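Inspection log for the structure reproduced underneath, given as structure tokens.
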Amino acid sequence: MSRFDEINELIAKMQEAPSLAKERLEKLFDENSFVELGAFNTDAGVVTGYGTVKGKLVYAFSQEGVVNAKHAKKIADVYALALKMGCPVVAVLDSKGVALEEGFNTFDAYGVMFKSQASASGVIPQISIVLGNCLGISTFLPSLSDFVIMSEDSAKMFMLSPSIYSGLDGKASTYETVGGANALAQKGLVHFECENDNKCFEKAQELIELLPANNLDDVNVSIVSDDLNRVDESLNSVVPEDNTAEIDMKAIITSVADNFKFTEVSENYAENIITGFIRLDGITTGVIANSGRINIDGVKKSGEFLNICDAFNIPIITFTDVEGYSTLHIDEQSDVIKYSAKLAFAFANATVPKINVIVRNGIGNSYLIMNSKHIGADIVYAWPSANIALINKEAATKVMGYKETQYDNISTPYQIAAEGYIDGIIIPANTRKRILIALEMLMSKRENTVAKKHSSIEF
């Protein structure tokens, strides 16, 4: 073949219709911004490249074939560039399995990819979008990401085929019940479930806009169009008169957020704990809110989200209404001890600005570990409706012999504030502006920590 023929062949190849993998990446990136890397390494089974998402530089890869050594190398190369530039990585996952002909070398391919992800963890944001098959060892790829987005329409993710489980639990297992988006979201493995592929890309774009580019990036700030002194009188009546009734925590969160916008994370997992992102004066801020009793999944959810925020210098605000743990079986006692200690560690170890607003109850051990002053919160506010104590009123009167009036006197937020454990008692309507004032003060926060390789206690 002559050089002229080779050139014509290359031109023809470049003019071919793009693969599904490439089309997917072009949906992720801003229009005409995607640049493919390693375009002629076509037998690698993956498309890699970079571009801008909402004007921010992002690297990405999209699977379209079997996983082999070349596949892994292309992904590792993308991660290497992303780490050099300090930019997020987005993975679009739809694997056709492993290259069986490569035999044991397949493990090496996955090892290369896992090592790349491990090196990037806590340094640059990693987002996985599952749009098709993600089976067996491939399930580790999204699990090592910071956020997993999964399509309800076409995606499935499981370690073993559902046929293996059928009959073991007396139920007929299906792809949906074992590895569907909704099933995995309820187990905390998927942070966002979206109705179709396009919604998945929109969610990834939203996250990239909210998150910093890397762990050393300046505070992520957007232009604010909302009133910084906005007052919401509805918050003065958001706490029900019935102390056992649930508080609408999402109403509180959206009330304080810029333009009332709240991006919830893991909505369908451990629903007694709410986690997600808002902006305050344009600053991306993490939110953890609880209402009532918490369980083991809620503790895990809080700790995992907190660790992501701390890694990327995102301030944390907690809205507290906690009165202990859900009823525990005997075999759950060890788990609640283990993960509660881990959550206490996570809050104590976090160096980002930490603000706590006690909305109603702050009772017992569960209050201590949920960003209390005792565990390291920088600023703690309480609403007049707050009730803070070692044990609840029923136990105090029946077990400890307290009179109800005695209990009420020692658990009032004014008494706790007098002891120095609350920095201010605020009118609920003023919560947004009081948080903004505190956050502005804390943005230059610095903490001198003991030098160490890494902690030995992680979620």
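Quickly run through segment 21-39 and pick out the residues that are surrounded by fewer than 15 Cβ atoms within 10 Å (Cβ to Cβ) and closer than 20 Å to Val130 by Cα.
Hit for segment 21-39 is Glu23, nothing else.
Assigned by TED's automatic domain parsing to the domain that holds Ile283, in contact with a Ser or Thr (Cβ under 7 Å, 6 or more places away or on another chain) and charged (D, E, K, R), is that true of Arg360?
Yes; evaluated as a whole, the condition is true for this residue.
On the basis of being part of a loop (DSSP other than H, G, I, E, B), in contact with a Lys or Arg (Cβ under 9 Å, 6 or more places away or on another chain) and surrounded by fewer than 14 Cβ atoms within 10 Å (Cβ to Cβ), does Glu458 make the cut?
yes
Among the residues of segment 40-60, how many are assigned to a helix (DSSP H, G or I) and either in contact (Cβ under 8 Å) with a residue 24 or more places away in the chain or buried (at least 23 other Cβ atoms within 10 Å of the Cβ) (or both)?
2
Checking the structure you have, find out if any residue of segment 185-205 is within 24 Å of Lys354 (Cα to Cα) and of a type in the set (A, V, I, L, M, F, W, C).
Within segment 185-205, none of the residues are within 24 Å of Lys354 (Cα to Cα) and of a type in the set (A, V, I, L, M, F, W, C).
Determine if segment 424-442 includes at least one residue that is over 24 Å from Arg230 (Cβ atoms) and surrounded by 12 or more Cβ atoms within 10 Å (Cβ to Cβ).
No, the conditions are met nowhere in segment 424-442.
Hey, can you tell me all the residues within segment 255-270 that are in contact with a Leu (Cβ under 8 Å, 6 or more places away or on another chain) and in a strand (DSSP E or B)?
Thr263
For residues in segment 61-80 being touching a residue at least 40 places away in the same chain (Cβ under 8 Å) and in a helix (DSSP H, G or I), which is nearest to Ser119 (Cα to Cα)?
Among those that are touching a residue at least 40 places away in the same chain (Cβ under 8 Å) and in a helix (DSSP H, G or I), it is Tyr79.
Considering only residues of segment 400-414 that are of a type in the set (S, T, N, Q), surrounded by 12 or more Cβ atoms within 10 Å (Cβ to Cβ) and more than 23 Å from Leu235 (Cβ to Cβ), which is modelled with the lowest pLDDT?
In this case the residue turns out to be Gln406.
Going by the conditions given, is Lys452 in the same structural domain as Met249 (by TED's automatic domain parsing) and basic (Lys, Arg)?
no
If you scan segment 442-459, which residues turn out to be in contact (Cβ under 8 Å) with a residue 60 or more places away in the chain and of a type in the set (A, V, I, L, M, F, W, C)?
Of everything in segment 442-459, those that are in contact (Cβ under 8 Å) with a residue 60 or more places away in the chain and of a type in the set (A, V, I, L, M, F, W, C) turn out to be Leu442, Met443, Ile457, Phe459.
Could you count how many residues in segment 222-238 are within 27 Å of the chain's Cα centre (by Cα) and modelled with pLDDT of 95 or more?
2
If I ask for residues that are among the polar types (S, T, N, Q), in contact with a Lys or Arg (Cβ under 9 Å, 6 or more places away or on another chain) and surrounded by fewer than 20 Cβ atoms within 10 Å (Cβ to Cβ), which ones from segment 331-382 would you list?
If the condition is that a residue be among the polar types (S, T, N, Q), in contact with a Lys or Arg (Cβ under 9 Å, 6 or more places away or on another chain) and surrounded by fewer than 20 Cβ atoms within 10 Å (Cβ to Cβ), then Thr351 is the only one that fits.
Which of the numbered conditions does Glu267 fail, given that it passes all the others? Conditions: (1) outside the structural domain of Ala350 (by TED's automatic domain parsing); (2) closer than 30 Å to Gly132 by Cβ; (3) charged (D, E, K, R).
Here Glu267 meets the rest and fails (1).
How many residues does segment 246-280 contain that are modelled with pLDDT under 95 and under 21 Å from Ala350 (Cβ atoms)?
Looking only at that region, the number is 1.
Determine which member of the set Ile416, Ile388, Ile358 is assigned to a helix (DSSP H, G or I), under 30 Å from Ser326 (Cβ atoms) and in contact with a strand residue (DSSP E or B) (Cβ under 7 Å, 6 or more places away or on another chain).
It is Ile416.
Among the residues of segment 91-120, which ones are outside any strand (DSSP E or B), among the small types (Gly, Ala, Ser), at pLDDT 95 or above and buried (at least 16 other Cβ atoms within 10 Å of the Cβ)?
Ser116, Ala120, listed by residue number.
From (1) within 13 Å of the chain's Cα centre (by Cα); (2) crowded, with 22+ Cβ neighbours inside 10 Å, pick out the condition that doesn't hold for Asn307.
Single failed check for Asn307: (2).
Restricting to segment 121-144, and then to whatever is surrounded by 23 or more Cβ atoms within 10 Å (Cβ to Cβ) and under 19 Å from Asp217 (Cα atoms), can you tell me which residue is farthest from the chain's Cα centre (by Cα)?
Among those that are surrounded by 23 or more Cβ atoms within 10 Å (Cβ to Cβ) and under 19 Å from Asp217 (Cα atoms), it is Ile124.
The values are calculated or read from the model by the stated rules, or taken from the named source; none is laboratory data. On a predicted model such as this, the values are computed, not experimentally measured, just so you know. Cβ atoms come from the backbone with ideal geometry, glycine included; neighbour counts cover every protein chain shown.
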